[in-house]
Amino acid sequence: MTPKRRFSSIVVAALAAAFLATGAWAAPSSAGFAITDALGRKVAFASPPQRIVVTGKALFMVADAIYLFPEASSRIVAIGNTEQGHLSFAKAIDPRYSEKIVLDNNAGAEAIAATKPDAVLLKSSMAGSLGKAVEAVGIPVVYVDLETPEQYERDIANLGILFQNPERANEVITSYRTRVDKVAKAVAVIPEDKKPSALVLYYSEQGGSVAFSVPPLGWMQSIQVKLGGGRPVWKDAQLGQGWTTATVEQIAAWNPGQIFVIAYFSDLDKVIASLKTDPRWEALAAVKKGALYGFAGDYYSYDEPDPRWILGLEWMAARLNPALFPGFDMKKEVRSFYRDFYSIDDAAYAKIVAPYLRGDLR
């Protein structure tokens, strides 16, 4: 058993104890209940909230997690902007989306209160800038993190309590564990000094100039490399709290065996094509051997801490260590993800997901 799997077992045990303590495994009920949220606050409800508002920073990631539950469509009454690059998954899957109040990105407590919510869901990072003001007007706020695999387990469990649907929460958590464990078992055979080197880069064109950045080691992108059996070449760099700029000279010095490029707001195929014809990039070993990849995605990139992070992990592991994943079919994995996590059948998948697949999905 690897250290990561031992840690996961500890998390599983803690979650089980928490579920038993809060009654999360009990049958749904109209009776009162409480949730201990991501900030450790106990949020009490006299009955299941019927009017839920989802807003704030990184909204689409929170919204996509909520839509893992069938109750989301009828319970969400107001929502912020769920787009990234002009695509919105929530709009595509929620038949009642047009009935919802769409909040401005900068909506404050007054605008939120006007929607008459029973509960507001926010990222924990929004507690100071928005959450406290919402709480001050008497509206219950439930905070989530949804940034790491462990946080996903806890926050999905809490959403199960909020919707009084612990069975669905358990299904989702079990699906995540099954997929993570499959990857962990496959890559556990790799000695530490034999792990392939990898570099994850965010490509941006802000301000009219191209820039490349690397993520902190605690972010999902780095976690995917490590859980996928790889070695992040930027681990010894001076990293900040967010994306840290990396020059082409630094990238060459790191000399990664494989490079994974993210482009949230640019055409990823064009980005990869341009890099492959750039003389500075042509000289890199990874480019020479055809190991420069556009990060897989659809509505949103699979590197982000959106529910699709598990697809990013599976794709990353198979790219880093193809011999350990014989017959791996990424499109098949994507199809099964949408079936298991969002109950999307083949016809709906062909219409609302398949046309938006992007990056390296060979």
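Please treat every number below as a calculation from the coordinates, not as lab data. Nothing here was measured: the structure is a model prediction, and the numbers come from that model. Cβ atoms come from the backbone with ideal geometry, glycine included; neighbour counts cover every protein chain shown.
Give the distance, in whole Å, between the Cα centre of the stretch 211-229 and the Cα centre of the stretch 127-168. Each part reduced to its Cα centre gives a spacing of 25 Å. With the convex hull drawn over the C-alpha atoms of the stretch 268-362, the volume per residue is 102 Å³. Here each label is just a point 7 Å from Cα along the line to Cβ, and for Asp193 and Thr247 those points are 3.3 nm apart.
Comparing Arg280, Arg75, Arg177 in a Gaussian network model of the chain where C-alpha atoms under 10 Å apart are linked, the largest mean-square fluctuation is found at Arg280.
Only the Cβ atoms of Lys and Arg (+1) and of Asp and Glu (-1) were treated as charged; on that basis the dipole of the chain about its Cα centre amounts to roughly 700 debye. Principal semi-axes of the equivalent ellipsoid, √(5λ) from the alpha carbon gyration tensor of the stretch 178-251, are 27, 13, 10 Å from largest down. Once backbone amide H atoms are built at 1.01 Å from N, Ile101 has Ala78, Ile79 as its partners under 5 Å, excluding neighbours fewer than 5 places away on the same chain. Entry note, the chain: the mean residue ellipticity at 222 nm calculated from DSSP H runs of n ≥ 4, each adding -39500 (n - 2.57), is -11500 deg cm²/dmol after division by the residues and rounding to the nearest 500. Annotation: Cα Rg of the stretch 41-195 relative to the compact-globule expectation 2.2 N^0.38 Å equals 1.15. In a Gaussian network model over the chain where Cα atoms closer than 10 Å are linked, find which of Ile262, Ile101, Ile161 has the largest mean-square fluctuation. Highest fluctuation among the options: Ile101.
Here the stretch 195-356 is treated as a Stokes sphere of Kirkwood radius computed over C-alpha pairs; at 37 °C and 0.692 mPa s its diffusion coefficient rounds to 200 µm²/s. Between the alpha-carbon centres of the stretch 275-310 and the stretch 177-205 there is a gap of 15 Å.
With R₀ fixed at 25 Å, the C-beta to C-beta distance from Ala31 to Glu135 puts the FRET efficiency at about 0.60. The gain in end-to-end length when the Lys57 to Ser125 segment is fully stretched comes to 23.7 nm, 0.36 nm per residue minus the alpha carbon separation.
Take the Cα radius of gyration of the stretch 158-285 and divide it by 2.2 N^0.38 Å, N being the number of residues; the result is 1.30. Evaluated at q = 0.08, 0.09, 0.15 Å⁻¹, a Debye calculation over the C-alpha positions of the chain (equal weights, vacuum) places log10 I(q)/I(0) at -0.41, -0.52, -1.38.
Here the simple spin-label model places points 7 Å from the Cα toward Cβ, and for Asn106 and Gln206 these points are separated by 1.7 nm.
Estimate the FRET efficiency between Lys182 and Gln50 by the formula 1/(1 + (r/R0)^6), using the beta-carbon distance for r and 45 Å for R0, to the nearest 0.05. Before the final figure, lay out the partial values.
On the way: r = 38 Å, r/R0 = 0.84.
The calculated FRET efficiency here is 0.75.
Which residues among the stretch 68-94 fall inside the zone where the amide N is under 12 Å from a point 7 Å beyond the Cα of Ser343, along Cα→Cβ? Only 68-74 pass the distance filter. Among the listed pairs Lys331/Lys351; Lys91/Lys351; Lys123/Lys226, those with a Cα-Cα distance over 18 Å are Lys123/Lys226. Applying 1/(1 + (r/R0)^6) with R0 = 25 Å to the Cβ-Cβ distance of Asp269 and Asn81 gives a FRET efficiency near 0.50. Panel order for Ser301, Ser98, Ser74, Ser125, by other beta carbons found within 10 Å of each beta carbon, from fewest to most: Ser98, Ser74, Ser125, Ser301. Between Lys331 and Asp236, the distance separating the two model label sites (each 7 Å from Cα on the Cα→Cβ line) works out to 4.2 nm.
Counting Lys and Arg as +1 and Asp and Glu as -1, what is the net charge of the other residues whose Cβ lies under 11 Å from the Cβ of Ser343? Net charge around Ser343: -1.
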